[in-house]
1. Suppose we filter 174, 205, 200, 217 for residues that are farther than 20 Å from residue 136 by Cα and at pLDDT 90 or above; which single one remains?
2. Any residue that is modelled with pLDDT under 90, part of a strand (DSSP E or B) and buried (at least 20 other Cβ atoms within 10 Å of the Cβ) - is there at least one of those in segment 119-129?
3. Give the residues of segment 83-110 that are more than 18 Å from the chain's Cα centre (by Cα) and closer than 21 Å to residue 151 by Cβ, sorted by residue number.
4. Kindly indicate whether residue 103 is surrounded by 12 or more Cβ atoms within 10 Å (Cβ to Cβ), in contact with a helix residue (DSSP H, G or I) (Cβ under 8 Å, 6 or more places away or on another chain) and within 18 Å of residue 154 (Cβ to Cβ).
5. Would you say residue 254 is at pLDDT below 90 and either under 21 Å from residue 161 (Cβ atoms) or in a strand (DSSP E or B) (or both)?
6. Check 180, 191 and return the single one that is crowded, with 18+ Cβ neighbours inside 10 Å and either at pLDDT 90 or above or over 23 Å from residue 91 (Cβ atoms) (or both).
7. Out of all the residues in segment 166-184, is one or more in a helix (DSSP H, G or I) and either within 17 Å of residue 103 (Cα to Cα) or within 13 Å of the chain's Cα centre (by Cα) (or both)?
8. Just to be sure I understand, how many residues within segment 88-127 are closer than 23 Å to residue 32 by Cα and in contact (Cβ under 8 Å) with a residue 40 or more places away in the chain?
């Protein structure tokens, strides 16, 4: 059977979703062998399509003079060489919904940037659903509103490995035991006074010192794993990890596995440890995997 199928599959390739931090998808390469006789007309009634949540996202290239970029890069001290290179090559994009203010900053590969620039036969822009890797995004709605924080930007969950490499500020490190305590706490938050051994930008966190509220990148002291970098935020009194339940449980399992001397919490219900095992495994994979240049080229879905 394999010998029969081999000639037909010789031009096929398999893309593993967990290698590219994507969902399942199909990719087809179509070769144009003759001039097109006609261009298909677009669907006349677009109201139903435009209302779809995946089609209301809009992307725009980041410019060095953008107010949001100046605010973001200044707060996190984004590496100047890195930012100038990405801006020059046009690899940074703002993502907004319905043309409103940017709510996410993404990093695209050169191949994806070329697709963005490619002309469309109909002359109308494509409806992009995703464009590269999310690096920064806004804090959750209703959290640290007003003038409490100098900026509402924070590291995106999937971009923590990139943020760790290119930022020089707002980096919080916790001892493994302290990180476990925060992960196990209600709402995954803890008062400064309970964060024993915490270091913010090389300085001890705690006491009566005042800190700028806003996003931080939280890492685990002594563990050099990309999956141990988590987005978080400082309020006037506490630290809050901005990760969902599945990711928190996956990080807890990883910490316990690599630090055998630390006891694990009481066993979770059977359905949690069994039925959701694949979800938690996927959370670890999403945290560890970084999009390669080739994988990014196929990660964007467009219509």
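The values are calculated or read from the model by the stated rules, or taken from the named source; none is laboratory data. Keep in mind it's a predicted model, so treat the numbers as computed, not measured. Ideal geometry is used to build each Cβ from the backbone, glycine not excepted, and the neighbour counts take in all protein chains shown.
1. Numbers: 205 fails: at pLDDT 90 or above; 200 fails: farther than 20 Å from residue 136 by Cα; 217 fails: farther than 20 Å from residue 136 by Cα.
Result of the check over 174, 205, 200, 217: 174.
2. Taking segment 119-129 first, the residues modelled with pLDDT under 90 are 119-129.
Now drop any that are not part of a strand (DSSP E or B), which leaves 128.
The next check asks that each one be buried (at least 20 other Cβ atoms within 10 Å of the Cβ); those that pass are 128.
Scanning segment 119-129, I find at least one residue that is modelled with pLDDT under 90, part of a strand (DSSP E or B) and buried (at least 20 other Cβ atoms within 10 Å of the Cβ), so the answer is yes.
3. First, pick out the residues of segment 83-110 that are more than 18 Å from the chain's Cα centre (by Cα): 84-85, 87-90, 98-101, 110.
Scanning segment 83-110 gives 84, 87, 100, 101.
4. Numbers: surrounded by 12 or more Cβ atoms within 10 Å (Cβ to Cβ): yes; in contact with a helix residue (DSSP H, G or I) (Cβ under 8 Å, 6 or more places away or on another chain): no; within 18 Å of residue 154 (Cβ to Cβ): yes.
No.
5. yes
6. Details: 191 fails: crowded, with 18+ Cβ neighbours inside 10 Å.
Of 180, 191, the one residue that is crowded, with 18+ Cβ neighbours inside 10 Å and either at pLDDT 90 or above or over 23 Å from residue 91 (Cβ atoms) (or both) is 180.
7. Residues of segment 166-184 in a helix (DSSP H, G or I): 166, 176-184.
Adding the requirement that they be either within 17 Å of residue 103 (Cα to Cα) or within 13 Å of the chain's Cα centre (by Cα) (or both) leaves none.
No, because not a single residue in segment 166-184 is in a helix (DSSP H, G or I) and either within 17 Å of residue 103 (Cα to Cα) or within 13 Å of the chain's Cα centre (by Cα) (or both).
8. Here is the first cut: in segment 88-127, the residues closer than 23 Å to residue 32 by Cα are 111-127.
Still in the running and in contact (Cβ under 8 Å) with a residue 40 or more places away in the chain: 111-112, 115-116, 121-122, 124, 126-127.
Residues that pass the stated criteria total 9.
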